Amino acid sequence: MADEIEAGKTALLALIGQLDAGVQVVIPVRATNDRYLISLTKGKAREFISISEDDLLDVDQEPTVRREVEATVRAGLAKLGG
């Protein structure tokens with residue numbers, strides 16, 4: 001399971017990098033209540049997005065999940081001014 005989580009984190013980082021390479025991302029080591037509270041920082045602006053553990057596991061394998069996660073990421077980036 002740890003390998004799948006790491007693969008999901010890597011896929012999420014790649015997705016965020018494609019959308020805005022200037023954003024710093026912090027993904028917690030473990031989920032809280034089956035959700036990851038992920039920090040997006042650009043300049044002095046910071047926004048948090050929440051992604052479920054299941055979605056993180058499936059982000060690179062399920063197109064529907066990827067679209068949902070991408071929409072969450074885009075909404076967070078929009079709040080950063082990105």
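Would you pick out the residues in the stretch 39-56 that are within 21 Å of Val29 (Cα to Cα), of a type in the set (A, V, I, L, M, F, W, C) and surrounded by fewer than 18 Cβ atoms within 10 Å (Cβ to Cβ)?
Phe48
For the stretch 4-36, which positions are open to solvent by less than 40 Å² (accessible area, probe 1.4 Å), part of a helix (DSSP H, G or I) and either among the small types (Gly, Ala, Ser) or free of Cβ contacts under 8 Å to residues at least 24 places away in the same chain (or both)?
Gly8, Ala11, Gly17
The values are calculated or read from the model by the stated rules, or taken from the named source; none is laboratory data. Here the structure is a predicted model, which means the values were calculated and not measured. Neighbour counts run over all protein chains shown; Cβ positions are idealised from the backbone, glycine included. Note: areas computed on protein heavy atoms with side chains; ligands, DNA, RNA excluded. Shrake-Rupley method; radii C 1.70, N 1.55, O 1.52, S 1.80 Å.
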